[in-house]
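Notes follow the structure.
The values are calculated or read from the model by the stated rules, or taken from the named source; none is laboratory data. All values reported here derive from a predicted model rather than from experimental measurement. Please note: Cβ atoms are built from the backbone with ideal geometry, for glycine as well, and neighbour counts cover all protein chains shown.
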Amino acid sequence: MPCNDLGGHAAPIVVSQEIGLGPLRINASQPTMIAYGSRIQEEDPKVQAIARYWVGHAEDLPRAGVRGRALLPARQVMEVRFQDFVTNMKGTLNPVFEFADHPFAKETARAIDTLLTDDPVANTAL
């Protein structure tokens, strides 16, 4: 059942199930960037506290996602592997748009192509 058949009250939820280290690398880079940024604002940034806070989130957020998924009707959930998204953004998003009963317009495809051409990081598998 397309998502818009749910009376307009629900949007699809896309859950990223990961096998590998991609999201962990992203989560690890976040406290590093925050610690670097805090050096601008503070004379003595609390690097250990920043690291503890974000490492906790790196574990809490995926667990909350798994718990929350169990509360949703199956017809509202589509599972997408993070690695598939990173290595084939357009090919992964097309079925997501279809799941949401939203057209994958030519403009959407062009915007993704532009992103992948203009931002080499967006086209790099983690």
*Go through Leu72, Leu61, Leu116 for me and flag whichever is aliphatic (A, V, I, L, M), over 22 Å from Ser29 (Cβ atoms) and surrounded by 11 or more Cβ atoms within 10 Å (Cβ to Cβ).*
Leu72
*Which ones in region 47-84 are small (Gly, Ala, Ser) and assigned to a helix (DSSP H, G or I)?*
Ala49, Ala51, Gly56, Ala58, Ala64, Gly65, Gly68, Ala74
*asked:* Here's a check for you: in region 81-118, which residue that is modelled with pLDDT under 85, closer than 22 Å to Pro62 by Cβ and not basic (Lys, Arg) is farthest from the chain's Cα centre (by Cα)?
replied: Thr87
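Has region 56-70 got at least one residue that is among the small types (Gly, Ala, Ser), at pLDDT below 85 and in contact with a helix residue (DSSP H, G or I) (Cβ under 8 Å, 6 or more places away or on another chain)?
Step one: of region 56-70, the residues among the small types (Gly, Ala, Ser) are 56, 58, 64-65, 68, 70.
Then keep just the ones that are at pLDDT below 85; that gives 56, 58, 64-65, 68, 70.
Keeping just the survivors that are in contact with a helix residue (DSSP H, G or I) (Cβ under 8 Å, 6 or more places away or on another chain) gives 58.
Looking for residues that are among the small types (Gly, Ala, Ser), at pLDDT below 85 and in contact with a helix residue (DSSP H, G or I) (Cβ under 8 Å, 6 or more places away or on another chain), one finds at least one in region 56-70, hence yes.
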